[in-house]
Amino acid sequence: QKTPVPTIEGQKNTGLFVQVSEPKDESLVNKRTLEMKGSTNPQNLIVVSTNLEDVEVKPSSEGKFSISIDIDAGANIVTTRAIAPDGSSVEDVRTVTYSTEEF
């Protein structure tokens, strides 16, 4: 018996979801500052964490968020966490690699 996989729609109904539109997972970037963009439920708090810092942002009334965060040289684990008013949370984890080398 398979456990049903929750859909994004199902998560929206509970108010606890996070969708990150930028940057893509496994991205290679040449800037030390990332622009994180995405959406969640408007009353959630977004916390973006990297190797260097944690930054909080409140989404707009439509649930959109955009935040700049610094990353380290090499591979970075970037965690975007949506925290609901009741304290429950959900997260999106991406690997973003910073390099100034030309490929």
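The values are calculated or read from the model by the stated rules, or taken from the named source; none is laboratory data. None of these values were measured; they are calculated from a predicted model. For accessibility, only protein heavy atoms count, side chains too; no ligands or nucleic acids. Shrake-Rupley method; radii C 1.70, N 1.55, O 1.52, S 1.80 Å.
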Quick check for you: with a 1.4 Å probe and neighbouring chains kept, what is the accessible area per residue of the stretch 54-103, in Å²?
58
Solvent-accessible ranking of R94, R32, R81, largest area first, probe 1.4 Å
R32, R81, R94
